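Each remark here refers to the structure printed beneath this line.
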Amino acid sequence: MSDKSSNQMWGGRFAAGPDAIMEAINASIGYDQRMAAQDIAGSRAHAAMLAATGIVSDSDAAAIREGLLTVLSEIEGGTFEFSTALEDIHMNVEARLKDLIGEPAGRLHTARSRNDQVATDFKLWVRDQMDAAISGIEALMRALLGQAEAGADWVMPGFTHLQVAQPVTWGHHMMAYVEMLGRDLSRFRDARARMNESPLGAAALAGTSFPINRHMTAEALGFDRPAANSLDAVADRDFALEFLSCASICAMHLSRFAEELVIWSSAQFRFVKMSDKWSTGSSIMPQKRNPDAAELIRAKIGRIFGANVALMTVMKGLPLAYSKDMQEDKEQVFDAADNLMLALAAMAGMVGDMTANRPALAEAAGSGFSTATDLADWLVRALNLPFRDAHHVTGSLVALAEGKGCDLPELSLDDMQAVHAGITAAVFDVLGVDNSVASRVSYGGTAPVQVRAQITRWKEVLG
């Protein structure tokens, strides 16, 4: 379509047309064409409502709805020619519709503005991404449950400050990420429920004088209800911000796990072996197996955080209702969604394929005086020492073991009694790492019985 014909859609005031710079800064078709399916779904629902309320004829509405399906097939088939001069997906679709069906196409925009149209399209698109994120998180949680079930009783070191703290189980560590992702799942579901109100029919900002039925279009598009305030309906981008907020927290969790996988797969740790599918070699060092997928997931958080901050910054100073600034809401969300879905899929693949090195985990679990807390607890229970005194005695025993170059279970009973005469041979029952993890039977603890209970609970939740 020529500039002249496209400008006629605006009326005589803009007959001269924008210059090249204004066209470039004003156009969004380069990216918002991703919302084509949502735009056409919204327009088909709007056309059906216009006919049902008698605002347009049944024949015009039928022509519009059929013509829109043709446009959609052209877009999906890759034959549609997008025009920058037509600015956005809405005008591109409407112009092509006019080519196809003629005069009835001009009736489609009755009782509607691009303001409520774009808000509706964008909500529908973000809602689809919410659903995709929910599915991706569930898939990753199931992969983690598989790892947890296989290693519910495999001992490994638990860390604080990345220093060996107390023994835990592999299953317990995997289930920690299941819990994190469970909160992500809840956040996405909660945000999806809150966003599910239709802006369509709010028009430019004040509603319309036409006798429209907003409940009809809301239901047709899968919304729970129409948005209750027309100003807010076109001004609201909370749904996109909530998506980015949920995505940021989820990506942070993925990044933390990616960091652990990078560390664990190193030659110094050898806790896990990543499959060849998710690793790469070195161009110069043949022994290398680089955890590139994990590293890239770790980096994705920067893009997703950046999108969240960018959109918050766009929205923070805008008066009601619509401002052109809000055109900048989409690219950031599109990019964040793409990278979140990619990171979720890659992490699920890595978790499903990775192999834990059980001997290395067990060896590391017994290092670094990891059962020192068990010793202190035993002194409290068996000798009735105040915990602070037990802590002091245990510290002295750790220092003794360090001086001898051994771990706590390798100290002799005489060595221990030289520090505290009341210690008996029963102390050795708590110093083994398997005994340690088995004893942590408090709800949510690392004992295998507790880990398996949590695995069962989450399997029931996920169905």
> Which angle from 0 to 90°, rounded to the nearest 10, does the C-alpha axis of helix 89-101 make with the longest principal axis of the chain?
Replying inline: 40 degrees
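For the ranges 219-226, 135-142, what's the packing order if you count other beta-carbon atoms within 10 Å of each residue, average per peptide, and put the highest first? Each step should come with its number before you reach the end.
Working: 219-226: 16.6, 135-142: 21.1.
Most protected by this proxy first, the peptides run 135-142, 219-226.
Tell me, what is the FRET efficiency for VAL419 and GLU149 to the nearest 0.05, using R0 = 30 angstrom and their Cβ-Cβ distance as r? Intermediate values should be presented prior to the final figure.
Numbers: r = 41 Å, r/R0 = 1.38.
Efficiency, rounded to the nearest 0.05: 0.15.
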> Which value in nm describes the separation of the simple spin-label points at LYS273 and VAL449, placed 7 Å from the Cα toward the beta carbon?
Replying inline: 3.5 nm
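Quick check: net charge around MET156, other residues with Cβ under 10 Å of its Cβ, Lys/Arg +1 and Asp/Glu -1? Could the numbers behind the result be given before it?
On the way: positive: ARG358; negative: GLU363.
Overall, the nearby charge balance is 0.
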> Once the piece of chain linking ALA399 and ALA382 is laid out straight, how much longer is it, given 0.36 nm per residue of separation minus the C-alpha distance between them?
Replying inline: 3.9 nm
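How much net charge surrounds SER59 when only the other residues with a Cβ under 14 Å from the Cβ of SER59 are counted, with Lys and Arg +1 and Asp and Glu -1?
-2
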> What ranking do 372-385, 262-275 get when scored by the average of other Cβ atoms within 10 Å per residue, highest first?
Replying inline: 372-385, 262-275
> Where does helix 170-195 land angle-wise versus the long Cα axis of the chain, in degrees 0 to 90, nearest 10?
Replying inline: 20 degrees
>> How charged is the neighbourhood of SER265? Take every other residue with its Cβ under 9 Å from the Cβ of SER265, and add Lys/Arg as +1 and Asp/Glu as -1.
In response: +3
> What FRET efficiency comes out for the pair GLU219/ARG189, r = Cβ-Cβ distance, R0 = 25 Å, nearest 0.05?
Replying inline: 0.75
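For the chain, which whole percent of the accessible surface, found with a 1.4 angstrom probe, sits on carbon and sulfur atoms?
For the chain, the apolar C and S fraction of the accessible surface comes to 53 percent.
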> Tell me, what is the per residue accessible area of the chain in Å², probe radius 1.4 Å?
Replying inline: 46 Å²
>> If you fit an axis through the alpha-carbon atoms of helix 114-150 and take the longest principal axis of the Cα set of the chain, what angle between them do you get, 0 to 90°, nearest 10?
In response: 20 degrees
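Beyond a 30 Å Cα-Cα separation, which of these cross-linked pairs lie in this structure: LYS98/LYS324; LYS123/LYS316; LYS273/LYS459; LYS273/LYS404?
On the way: LYS98/LYS324 26 Å; LYS123/LYS316 19 Å; LYS273/LYS459 26 Å; LYS273/LYS404 34 Å.
Table pairs above 30 Å Cα-Cα are LYS273/LYS404.
Taking 0.36 nm per residue of separation and subtracting the Cα-Cα distance, what length does fully extending THR84 through HIS161 add? Let's see the in-between values first.
Numbers: separation 77, 0.36 × 77 = 27.72 nm, distance 5.37 nm.
Roughly 22.4 nm would be gained on extension.
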> Counting other Cβ atoms within 10 Å, which GluC sites (Glu not before Pro) in the range 32-136 have at most 10 and lie in a DSSP loop?
Replying inline: GLU81
> Over the heavy atoms of ARG34, what accessible area does a 1.4 Å probe trace out, to the nearest 10 Å²?
Replying inline: 100 Å²
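Below 8 Å between Cα atoms, with a sequence gap of 6+, how large is the relative contact order for the chain in percent? Mind showing how you got there, number by number?
Numbers: 661 pairs, mean separation 75.9, N = 463.
Dividing the mean separation by the residue count of the chain yields 16 percent.
The values are calculated or read from the model by the stated rules, or taken from the named source; none is laboratory data. Here the structure is a predicted model, which is why all the values come from computation and not from measurement. Using ideal geometry, Cβ is built from the backbone for each residue, glycine included, and neighbour counts are taken over all protein chains shown. Side chains are part of the model used for accessible areas, which takes the heavy atoms of the whole protein and leaves out ligands, DNA and RNA. Shrake-Rupley method; radii C 1.70, N 1.55, O 1.52, S 1.80 Å.
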